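Okay, structure first, notes after.
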Amino acid sequence: MTHLLGLEGLSAAELSAILDDAGRYVGVGYGDAPKGDALKGKVVANLFYEPSTRTRLSFGLAARRLGGDVVDFSPGGSSTAKGETFIDTAKNIEAMGVDAVVVRHSSPGAPHVLARHLKPHVRVVNAGDGPHEHPTQGLLDILTVRRRLGRVAGLTVGLVGDIAHSRVARSNIHGLLTLGAKVLVCGPPTLVPPDVARLGVEVAHDLDAVLPRCDVLNLLRIQFERQRTGLFPSVREYQLLFGMNGERMRLAKPDVLLLAPGPINRGVEVTPEVADGPNSAILDQVANGLAVRMAVLARLCRPG
Ligand code: NCD
């Protein structure tokens, strides 16, 4: 693996190998536990052109817990304000001697552009390219399912909400289908792309009707920042039809696993009682994300 640009096209063996590595990295370097050394002498550059909390911090921490160095770039306060282009910025950071670039950008394909323009030894990781893919989020969601439920194949995973604008949905779809899960996407018709069924998922618009069949629900945030027009009548209507709340939980399997990539809009996709309740694995996802990012960086920066 030279770069990690998406989960589309990765085989079940490749996905499983990363997940197995990640399972071994859970807890490494945490508290008094010894650090790893897979990134000793390596420099990871975080290039985040869109806001981030979990992804950015966990990539930085992952690199440090493996003995690497981190440089952080955000466009605010940088020469982007003077008109420097994306590629020039990346090439200048590369010239400082970085080994891997973790990039988040609003344009789909931005990480692929860097992979073509940077020197061949520099590894590129997609940390979210517009609505396209967010591969480490897909991996950490799947790792959380695997660790909580012991398997992925044969499970029914419901992705709920703004499928159209969600890079998390796309990475989940590719990873989960390859690993043998059944994927069901559910949201208002305006937020579900008409051709998504071609990927091999079931499409539903009535959450209450499909809820009893789901082993896992991934509650996606409405990507208000990516919507140019109002795609549903009101947040209130969305809450009523698609928000997970205590009443709706009664329709679900008692041990249904609830995921949300974060940030959550409390009270919109999920009520606080459910987000903080016993079925929620939201904070486990964050911990597992660190392990996934360690596994990905270590694998990409491996010598030879
Ligand atoms: C997601 C993202 O940025 O795509 N967040 C994340 O990385 N944890 C999901 C979102 O913003 O809704």
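The values are calculated or read from the model by the stated rules, or taken from the named source; none is laboratory data. These figures come from a predicted structure and were not determined experimentally. As a convention, Cβ positions derive from the backbone with ideal geometry for all residues, glycine included, and neighbour counts pool all protein chains shown. With ligands, DNA and RNA removed, areas are computed over all heavy atoms of the protein, side chains included. Shrake-Rupley method; radii C 1.70, N 1.55, O 1.52, S 1.80 Å.
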### Task
Filter region 245-288 down to the residues that are in a loop (DSSP other than H, G, I, E, B) and of a type in the set (A, V, I, L, M), then identify the one that is farthest from the chain's Cα centre (by Cα).
LEU251
### Task
Report whether or not VAL183 is among the β-branched types (Val, Ile, Thr) and within 21 Å of ASP129 (Cα to Cα).
no
### Query
Which residues, taken from region 192-214, are in a helix (DSSP H, G or I) and within 19 Å of the chain's Cα centre (by Cα)?
VAL196, LEU199
#### Entry: Filtered residues of region 36-82 (kept if open to solvent by less than 60 Å² (accessible area, probe 1.4 Å), among the aliphatic types (A, V, I, L, M) and within 16 Å of the ligand (Cβ to nearest atom))
LEU47, ALA62
#### Entry: Count of residues meeting criterion [of a type in the set (D, E, K, R), more than 12 Å from the ligand (Cβ to nearest atom) and within 23 Å of ALA209 (Cβ to Cβ)] in region 151-179
0
#### Entry: All positions within region 264-302 that are modelled with pLDDT under 95 and away from the ligand (no atom under 13 Å from the Cβ)
ARG266, GLY267, ARG302
### Message
Looking at region 217-232, can you tell me whether even one residue there is in contact with a Ser or Thr (Cβ under 6 Å, 6 or more places away or on another chain), open to solvent by 30 Å² or more (accessible area, probe 1.4 Å), over 30 Å from GLY29 (Cβ atoms) and assigned to a helix (DSSP H, G or I)?
### Response
no
#### Entry: Long-range neighbours under 9 Å by Cβ, at least six apart or interchain, first residue of a type in the set (D, E, K, R) within region 4-31, second at pLDDT 95 or above and in a loop (DSSP other than H, G, I, E, B)
GLU8/GLU133
